[in-house]
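The block underneath contains the structure these notes are about, expressed in structure tokens.
The values are calculated or read from the model by the stated rules, or taken from the named source; none is laboratory data. Note that this is a predicted model, so its numbers are computed, not measured. Ligands, DNA and RNA are stripped out before the accessible areas are found, and what is left, the full protein with its side chains, is counted by its heavy atoms. Shrake-Rupley method; radii C 1.70, N 1.55, O 1.52, S 1.80 Å.
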Amino acid sequence: MTQMTFARAINAGLRKSLENDPKVILLGEDIGTLGGVFRVTDGLQKDFGKHRVVDTPLAESGIIGTAVGLAYRGYRPVVEIQFDGFVYSAFDQIVSQVAKLHYRTQGAVKMPITIRVPFGGGIGSPEHHSESPEAYFTHTSGLRVVSVSNPQDAHTVIQQAISCNDPVLYFEPKRRYHDKGEVDESLDPRTALPMDTARVLTEGTDVTLVAYGPLVKTARDAATAAADEGVSIEVIDLRSLAPVDYATVEASVRKTGRLVVTHEAGQSGGLGAEVAASITERCFYHLEAAPVRVTGFDIPYPYSKLEMHHLPGLDRILDGVDRAMGRPNSLSGLEG
């Protein structure tokens, strides 16, 4: 086991993929000489060359279009979108080409493209640099969407995504880049927990709390705080956002009878709404209360001085747990 940061774990996973498959190519803005804005690809161009770690022009649509052409020729492109808000420039390529070519060609063409997207807030950046656009892509058939929350998953899942023959949106919570954790670099991605499977992190009996990406750590902190008040929270790291591992969530809610879902993205049309609706359909007669969503507000991303009021934190998640439990709380009029 090696202690490493979240960002270094991704770097190590990319390195292994580059070593194991000569068809893996990295593309992105400033990922070569600079090593990326967040230094996630630091040192890779030096070790693998400019022909495999490619500094691209500032043109997201062109980068994805190039990746599509490379995939046609049998390569496994790994694209870095520098910041979450920049992915919108590539939206047409992703939803109209990347997501559909396998189906359109009746399986003749595969699109083994991994699109890395640093996402979410909490680093003091403005709009276009702190977005949570995952729901746009979970709504698009033909794409796999994952979001990792810890260094071990960051290391393993990036390798699983790259080896997958389907296109994968790999959402990285940028405010967790400097978080450290134990990583088993010898863990074989082929025998590790599949990337489309949720993980129960903390077992509990009173409430199921579902989170992904940047809020998994906050959810675990909420479980610890609630335990001091005698409330037992089962925390689930969703990991895969499309497809969702509903079997794991359903089994938990059948046990606890209550569901809270939290994410940084706005509430309306967010993934939490889909999870809440699906679990209500599956577990209606087991629910003791309506599912609760704790999310960002339905507003453009605010200025950095206000972002911590916008992002769900410990108090708002615990308030959501209180609402699910039917307990009085101080934030009962707060939406999201």
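Things worth noting here:
- Inter-centroid distance (Cα atoms) of the range 241-305 relative to the range 3-33, Å: 32 Å
- Ranking of 174, 23, 16 by solvent-accessible surface, largest first: 23, 16, 174 (1.4 Å probe, protein heavy atoms only, all chains present).
- Here the Kirkwood formula, the inverse mean of 1/r across different C-alpha pairs, assigns the chain a hydrodynamic radius of 20.3 Å.
- At 1.567 mPa s and 4 °C, Stokes diffusion of the range 195-234 via Kirkwood alpha-carbon radius, µm² per second: 124 µm²/s
- Once C-alpha pairs closer than 8 Å and six or more residues apart are averaged by separation and normalised to the residue number of the chain, the relative contact order reads 15 percent.
- Exposure check, 1.4 Å probe, all protein chains in place: residue 325 carries approximately 50 Å² of accessible surface.
- Tilt relative to the chain, helix 151-163 - C-alpha long axis, 0 to 90 degrees, to 10: 50 degrees
- Take every pair of alpha-carbon atoms less than 8 Å apart whose residues are at least six positions apart; their mean separation over the length of the range 107-205 yields a relative contact order of 35 percent.
- Excluding same-chain neighbours fewer than eight residues apart, the lysines reachable from residue 305 by a Cα-Cα span under 20 Å are 174.
- Accessible surface of the range 181-278 [probe 1.4 Å, protein heavy atoms]: carbon and sulfur percent: 48 percent
- Radius of gyration and maximum dimension Dmax of the range 28-81, Cα, Å: 10.9, 30
- Rounded, prolate or oblate (a/c below 1.5 giving rounded, otherwise prolate when a/b exceeds b/c) for the range 1-132 by Cα gyration tensor: oblate
- Structure-based [θ]222 nm, the chain - -39500 (n - 2.57) summed over DSSP H runs of at least 4, per residue, nearest 500: -9500 deg cm²/dmol
- Ranking by accessible area, most exposed first, for 134, 185, 19 with a 1.4 Å probe: 19, 185, 134
- Under the Debye formula (equal points on every Cα, no solvent term), log10 I(q)/I(0) of the range 245-336 at q = 0.15, 0.17 Å⁻¹: -0.58, -0.73
- The count of lysine pairs in the range 1-157 with alpha-carbon distances below 20 Å, taking only pairs 8 or more places apart or on different chains, stands at 6.
- In terms of its C-alpha gyration tensor, the range 1-49 has an oblate overall shape, because the principal axis ratio a/c (a ≥ b ≥ c, square roots of the eigenvalues) is not below 1.5 and a/b does not outweigh b/c.
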